[in-house]
1. So which lysines can K120 reach, going by Cα to Cα under 19 Å and dropping same-chain residues fewer than 8 places off?
2. Contour minus end-to-end for N318 and D117, with contour as 0.36 nm per residue of separation and end-to-end as the Cα-Cα distance?
3. Taking the Cα centre of the chain as origin, work out the dipole magnitude from +1 charges on Lys and Arg Cβ and -1 charges on Asp and Glu Cβ, in debye rounded to 20.
4. Which of the pairs K209/K268; K31/K345; K160/K189 have their Cα atoms more than 29 Å apart in this structure?
5. According to a simple spin-label model (label point 7 Å from Cα along Cα-to-Cβ), what is the distance in nm between D187 and K237?
6. About the Cα centre of segment 2-152, how large is the charge dipole given +1 on each Lys and Arg Cβ and -1 on each Asp and Glu Cβ? Please answer in debye to the nearest 20.
7. With 22 Å as the limit, write out which pairs from K291/K325; K280/K344; K2/K145 have Cα-Cα distances beyond it, or answer none.
8. Give me a comma-separated list of calculated 3J(HN,Hα) values for segment 324-331, in order, Karplus coefficients 6.51, -1.76, 1.60 applied at θ = phi - 60°, integers in Hz, x for any Gly or Pro.
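What follows is calculated from the coordinates using simple rules that are stated; it is not laboratory data. Treat the numbers as computed from the prediction; the structure is a model and nothing was measured. Cβ sites come from the backbone with ideal geometry, for glycine too, and all protein chains shown count toward neighbours.
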Amino acid sequence: MKIIVRTYAGVENLLKSEIEKLTNKEIRLEKRAVSFDGNTEDIYKVNLWSRLSIDVLVHLYSFRATNEQQLYTKITNFRWEDHLSVQETFSFSSIVHSSFFKHSQYVALKAKDALVDRFKKKSGVRPNVDRINPDQHFIIRLSEKNASILWNSSGDPLFKRGYRTHTVEAPVNEVLAAAILDLTGWDCKSTLIDPMCGSGTFLCEALIKSSNYAPGLNRKQFAFEKSKSFKKELWDKLIENAKSKISKNNTPIYGFDISEDAISFTEKNIENIFPFNTVKLKNEDFFNLDKPLSEGLIIMNPPYDFRLKNSNIMDFYNAIGSRLKHFWENYDAWVFSGNLSASKKLGLKPQKKIILFNGPLECKLIHLPIYKGSKRKKQNN
């Protein structure tokens, strides 16, 4: 079966490498996704282990349609009873790029009608629609006359790991935070510091990565667990295997924030993953903070603008750059920001800029190696 794993723009190559390691399959790159030919175990493993996936879609059915009646007939002819029980609720969404079908919501509605009519014709009863929290969610994708039906095996997006029960304003979601960590090249051994940690998403994702913790272990449920085809014995085996691979993290990881609430929230979120919390947390202003160790990696997601009170955003970013330059020598600094104008005021020459998206907002991950003296002297040493 064809399996499609979706992610964010700019993360595709990282995801490809991750899924190759998880499945040992040949992985194809797509736009904001990867795909491969796999089996039920692959579906379960990717949902359980992937740090970089939004969801895992399974291709069910392909056909051609150029009008409403063809669309309805083709969907009605599909054996929905093999994939959905009458007791389950469902929903449909659509992705439409077709000159034959103009309105994506109408396509989803026709698909829903066709599925319901199939059940009523076969058994006289029908499953109910639940647009908010369905047991199963299906997607109809139309590209001109080519249509495909996909099943979302994940249910809720995979960035809903289950550990972030406390949050602050405008956090980075878990999948994006995991991708940013990978893009920095952090090796799980070097000191990691988040001096503006908020509710601790970077810190939690660093713990997950360095402790070989399957991010799906904290999920309440996946959609595939409610499906007719669910293989409980296989799933239980994969869960036990994942638990056996967790290792206690000994990497120096530090989190700081000017807000007492943020530090309290971070502590609670970390404890949802690891009762034996090894992250060192402190309520401290970045501009008064001294580096705890001589070298390491510093990662931060400063306020973009709307989160900042009583200060000029341009001056604020300039002060960040100055603090990094004068107090964080020998650190690899990475700044993730959605304020592209303000980030230019950091006053340090970036070695790399990576475009990413935090929701619809274009952001940049900026690499600022902090050298004592000139870069040449550092390299010669």
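1. Excluding near neighbours in sequence, the set is K74, K110, K112, K228.
2. Extending this stretch completely gives an extra 66.2 nm.
3. Working: 58 positive and 43 negative charges, 187 e Å.
In debye, rounded to 20, the chain gives about 900.
4. On the way: K209/K268 19 Å; K31/K345 32 Å; K160/K189 26 Å.
Beyond 29 Å: K31/K345.
5. 3.7 nm
6. Working: 24 positive and 18 negative charges, 87 e Å.
Approximately 420 debye in magnitude.
7. Numbers: K291/K325 12 Å; K280/K344 31 Å; K2/K145 20 Å.
Where the Cα-Cα span goes over 22 Å, the pairs concerned are K280/K344.
8. Result, rounded to whole Hz: 4, 4, 9, 10, 10, 4, 6, 10.
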